[in-house]
1. I'd like to know if the stretch 68-79 contains one or more residues that are loosely packed, with under 14 Cβ neighbours inside 10 Å, basic (Lys, Arg) and not in a loop (DSSP other than H, G, I, E, B).
2. Quick check, is Pro86 of a type outside the set (A, V, I, L, M, F, W, C) and touching a residue at least 24 places away in the same chain (Cβ under 8 Å)?
3. Quick one: would you say Gly153 is within 21 Å of Ile6 (Cβ to Cβ) and either more than 18 Å from the chain's Cα centre (by Cα) or surrounded by fewer than 17 Cβ atoms within 10 Å (Cβ to Cβ) (or both)?
4. Which condition from (1) more than 17 Å from Pro162 (Cα to Cα); (2) out of contact with any helix residue (DSSP H, G or I) (no Cβ under 9 Å at 6 or more places or on another chain); (3) at pLDDT 90 or above is the one that Asp102 breaks?
5. Which ones in the stretch 2-17 are at pLDDT below 95 and either basic (Lys, Arg) or touching a Gly at 6+ places or on another chain (Cβ under 7 Å) (or both)?
6. Based on this model, can you work out whether Val10 counts as within 20 Å of Ala101 (Cβ to Cβ), out of contact with any helix residue (DSSP H, G or I) (no Cβ under 9 Å at 6 or more places or on another chain), in a strand (DSSP E or B) and of a type outside the set (Asp, Glu)?
7. Give me the residue from the stretch 15-36 that is over 15 Å from the mean Cα position of the chain (by Cα) and without any contact (Cβ under 8 Å) to a residue 40 or more places away in the chain and, out of that set, nearest to Asp3 (Cα to Cα).
8. Quick one: Glu96 ticks every box in (1) in contact with a Pro (Cβ under 8 Å, 6 or more places away or on another chain); (2) more than 18 Å from Met8 (Cβ to Cβ); (3) at pLDDT below 95 except a single one, so which number is it?
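The values are calculated or read from the model by the stated rules, or taken from the named source; none is laboratory data. Remember, it's a predicted structure, so these values are computed and weren't measured experimentally. FYI the Cβ positions are ideal-geometry reconstructions off the backbone, even for glycines, and counts take in every protein chain you see.
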Amino acid sequence: MDDRLILMGVIGKPHGVRGQVRVNVFAEEPEALETYTLTDRKGRRFALEWAHENVAALSEVTAAGKRRITDRNEAETLTNVELFVPRAALPETDDEEFYLADLIGLEARDEAGQAIGTVANVLDYGAGASLELAPGGRLVPFTKAAVPAVNIGSGFVVVIPPAEVEAGGGAEP
């Protein structure tokens, strides 16, 4: 069973005085977060109910049931808490589709099929995703030109690093 946790959102600042919070969502369909029991890094479990746009009411899920967070002060303590879902709970992908998290751990191969490392991480700071390869921490843009083939089933990606990545990426003095 796949027990990796996938980051689905981050709790933002409180909204109002009744415990609602803003949520920065990383899912394609924010409404989907209502269908999952979300967990944080400490193992606490939460249920989310959208109030409007990016504002939600949270409940902490315990063995005794759901306990609604109704106080701004308690909501404030949750600011910047990351919300995860187990990978196994996410819907299966169609052919030619995958979750970026599925790339982590795949072997990176060059055009000739020789192993050049492993995908250690997928980073996305807003301008597009990059693959971090190990060993060495080399970053490769996740574009069709730099990563022309992804084969999740066989466990590899083909990587053609751009010239500036191969040369070290730095500007000449």
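1. Yes.
2. So Pro86 fits the description; yes.
3. It is true that Gly153 is within 21 Å of Ile6 (Cβ to Cβ) and either more than 18 Å from the chain's Cα centre (by Cα) or surrounded by fewer than 17 Cβ atoms within 10 Å (Cβ to Cβ) (or both).
4. (2)
5. Result: Arg4, single match.
6. The answer is yes for Val10.
7. Top of the filtered list is Thr35.
8. With respect to (1) in contact with a Pro (Cβ under 8 Å, 6 or more places away or on another chain); (2) more than 18 Å from Met8 (Cβ to Cβ); (3) at pLDDT below 95, Glu96 is out only on (1).
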